[in-house]
Each structure stands twice: as structure tokens, then as C-alpha cells.
Amino acid sequence: MYESPNSGPVFSTEVCVLGAGPAGAATALRLAQLGHRVLIVERAPPGRPHVGESLPPSVLPMLEALGLREQVEDAEFLRTRGAVVQWHDRSPVPVPVPMPALGDRDGEAGFQVDRARFDALLLDAAQAAGVRVLRASAGAPIADGARWRVPLQGGGAVRASVAIDARGRRAGVADGPRTAALYAYWEGPRAADSRTRVESCASSWCWGAPLPDGRVNAAVFLDARRCAALPPGGRAALYMALLDTSPLLRSLLGGRRAGAVHACDATPRAVADAAPAAGLLRVGEAAFCIDPLSSQGVPAALRSAVQAAVCVHTALERPTDADLAWRFHREQVERSSRRHARLAAQFHALAARRHEDPFWARRAALAGAAPARDPDSKPDSEPAMRPWPQLDQRLVLDAQARWCRMPAMEGEWVTARHALQHPSLDAPIAFLAEQPVADWISPLQAAPRLRDLLDLWHQRFGEARTAAIWPWLWRRALVAPAA
């Protein structure tokens, strides 16, 4: 740090991260683990409460990548498997069913957390790894030659080689109609079942989660126009009326409301300039906001953070690969945003089969969602199931498959990899089951018999990986019978 005679203190660092939420703290932590000097600028005091206390098991790989799984598991948060959902079923009696597509991983438990404690745990880990935290309000990063300058309110600035915006929900392009969330906390007996509850109602959907301190957070998601002009009392009345239409949540609450009813924006948004310039990145909800229906907000933020840290590490340590790293970041943001939007639209389409309100139809049309389908049918992106080949059938790579070069994350680097393109894939793939896709595909050049191909894969990759990858390749029509 040094003093500028005109503008106050100037802090110099390699990487400046704006925001100390999960995305910002995780990005800073991973960069510090990779050996970089990082400064976080955060205006809010520590311990600020947040909504989003339900973390599905899909958060576990990200915690492992950050070296935090054991710490989070030792924090005495509630552990929970799956969700209890009443969604598309036409039966008037709620039937709780598991909904793995909401983020469950078979056999593993997620968490119901106190977000203030969870966020503090991430930030403490970052500081323990050497990250500095500056409590101040910051303006937008400004290009300053080959570096970035982040102005601080009241004077002063931070100068850094890379600036990362992790300040949460920003102005962006709304992916369809605006959605608002009305939520409040409830006190009462500790719930016997710690799973999240999700239920579709006539013109809204409800979400509830038991918390570690015995309270319950209950939220209603509705069209933003219904509550935009309401005073606090009107919002509370609307919230209570909509909660009353959810038998699933009524059975969870059973206590009294603790405090006011709050409102916040819950509209999925894509930020047009999520990767506006080399050396300036947006992560977490500063890059894009997903539909809260998926309960994937925190896992998506942590995944974004880990990927962004690897991009920055590659650009700083291997300058010749900097353009590749920034391209990878941009493509991952765009791909993740599209994938989450499509998944949410498909679930809205399922609910539209049960409820006729325009709330559902408008959201089902999002991202070109296919017509509503039965939940047990195959995903729309998969072709119809073909008969399985005989063991003596010779196989080749499908004629529509093409090879390309694309950036891919490999360990702590972004590298250029051979990737496979095909009409059945949303995007090219460079890895399958943590192995280069070329390693799986190259034996098909010799048109082997299926039995020989499976034997070869068993020897190279093991039976478990082969048992998972072979059916996937066949169902996606990447592998075809030889002519």
C-alpha cells in the first residue's frame, strides 16, 4: 500500500475480488491456494444473514475442490438427503416424492445451513490461506494500462493485474418474466424431517427448509407484478394467503412467524458482459442468476469460483495461454446459464400440465423448453432408445461426430484439448469420466467388436467407469454399428 497525494491510499495486489459471498470468498481461497496475492473488497459487515440455506449434495465436489468438505461437515449443520416435492402430480392429495433433478446425488447428504455461518466459514478459510480483506465500498473496475484500478468510496483505490466482480445479483437481461420471492422465518418445534419442501401451486410455488437453529425458512415465488406496489402489510397478507395454498409447507411450519415478511428479486438473469474484457471476470450471481427452483445457487457459485480461479492462474502464470483461459471462462458462463435456464423451463412445463395459470405457461416457454413430458421419459436432448448391439457387432464412431479444439480445465490449468462434437450434445466434450474423450474414442477407428471394446475399456478405465460410459455413448448415438 502507498499514499497517493490526490486520492488516498492505493493498495496493490495481483488479484482484487469484489465481494465476500460464496463466489468471491471461494475464488479468493482457490487463488491463494494456487500461490497468488489476493485482496477482497467487501462493504458489508461480517455475519450478515442471507437467504439460500439449502445446499444439495451437488455442493460436495466443490467443497472437496476447495479443501473444505471436512470443515463444513464438522460445522454441525443439518444433513439431508433429497427433497420432498409435490410438483406435477394431478392428485389433490400431496404425495411427497424425491426429485433428484433438483440437485440430489445418490447416497450422499446435503446441508441445511445458517448462511451467515457458512459464508463466514468460507471467508475465514480464505484469510487463513493468506487473502487480505478490506472493508470498503468499491466502484466498477477501470482499465489502467495493463492493470485494473478499483476506486474506493471516500478516496483511494486498489490496483491489480486481474479484477473479479463477485458482488452478487447485478443488473442484467431478465430471462423471461420477472419473479419475486416473499419469505419469512418461522419458530416452532424442530422438524422431524430435515429435507427441503417444494410445491407447485395454482399461480406460484413454495419452498421451505428447516434450519440448524430450529427455525424454518418458508418462501413463496410469484410473478413480481403481484407484489411490486404493495406496502409491507399487503405483502405479508399476500404471503400468508399463498402459503395457505401449499399443504406441504403448512405441514412443515406449525409454529409462529418470527419477524417481518421480506421481498427480493428472484428473476433468472443473464449478464450480457459476463466476461467483458481480458483480466476482468464476473463470478457467481454477478455473472448470471439461475432460477431458485433448482436449489443450485451456492453450488453454481462455487463451481464458477473454482473455474474462474483456474482461468486467472493460467493467464497469470502462462501468459501465452491467457486468451484461451478467458475464452474458457466466457464459454463456461454462457453454457451454465443456458443449461440452468433449460432445466428450470422444463420443470415449469411439468407444472403447467397441472396448473392453467399464465404464471406457469410463460415460464415454460423460457429458453425454448420442449413440450411438457412425463417425468419418467427420457430427457429431450437424448435420442430415442436404440436396440442394444450384440457382443459380436462391430462398432464405429458415428458419422455425424466431429473433432474440434476447445479450452478445457485440467487440474489447475486451462489447456487446449481435442473435443468431440455431435448433434446429441449441448456442447463439445473434452473429458469423459475424468479421462480425455479421445482415449475412449480412438479404439473405434479399428471398428472393434463390442466384446473386444468393452474388454479394452475395462483394462484401461475399470469396470465401473466402463459400465457408466458405454450406455451413455450408445444412448447419445455417438457410437454406431459398422456398415
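Descriptive notes on the structure:
- Residue in segment 271-288 that is surrounded by the fewest Cβ atoms within 10 Å (Cβ to Cβ), counting only those that are modelled with pLDDT of 90 or more and in a loop (DSSP other than H, G, I, E, B): GLY279
- Strands (runs of 3 or more DSSP E) completely within segment 109-155 that count 1 or more residues being within 17 Å of LEU29 (Cβ to Cβ) and of a type outside the set (Ser, Thr, Tyr): 132-135
- Residues of segment 455-483 that turn out to be part of a helix (DSSP H, G or I) and surrounded by fewer than 16 Cβ atoms within 10 Å (Cβ to Cβ), as a count: 11
- Exactly one residue out of ALA325, ALA266, ALA309 is in contact with a Cys (Cβ under 7 Å, 6 or more places away or on another chain), crowded, with 21+ Cβ neighbours inside 10 Å and not charged (D, E, K, R): that is ALA325.
- Yes/no for GLY35 being modelled with pLDDT under 95 and at positive phi: no
- Of all the numbered requirements in (1) part of a loop (DSSP other than H, G, I, E, B); (2) at pLDDT 90 or above, GLY52 misses one, and that requirement is (2).
- ASP291 being surrounded by 19 or more Cβ atoms within 10 Å (Cβ to Cβ), charged (D, E, K, R) and more than 19 Å from ALA25 (Cβ to Cβ): yes
- Near pairs, Cβ below 7 angstrom, 6+ apart or cross-chain, from segment 453-472 (in contact (Cβ under 8 Å) with a residue 12 or more places away in the chain) to any residue that is assigned to a helix (DSSP H, G or I) and among the polar types (S, T, N, Q): LEU454/THR466; TRP457/THR466
- Residues located in segment 143-175, provided they are aliphatic (A, V, I, L, M) and either at pLDDT 95 or above or surrounded by 16 or more Cβ atoms within 10 Å (Cβ to Cβ) (or both): VAL150, LEU152, ALA157, VAL158, ALA160, VAL162, ALA163, ILE164, ALA166
- Against the conditions (1) of a type in the set (A, V, I, L, M); (2) buried (at least 21 other Cβ atoms within 10 Å of the Cβ); (3) in a helix (DSSP H, G or I), ALA236 satisfies every one except (2).
The values are calculated or read from the model by the stated rules, or taken from the named source; none is laboratory data. No experiment lies behind these values; they were computed from the predicted model shown. Reconstructed Cβ throughout: ideal geometry from the backbone, glycine too, with neighbour counts over all protein chains shown.
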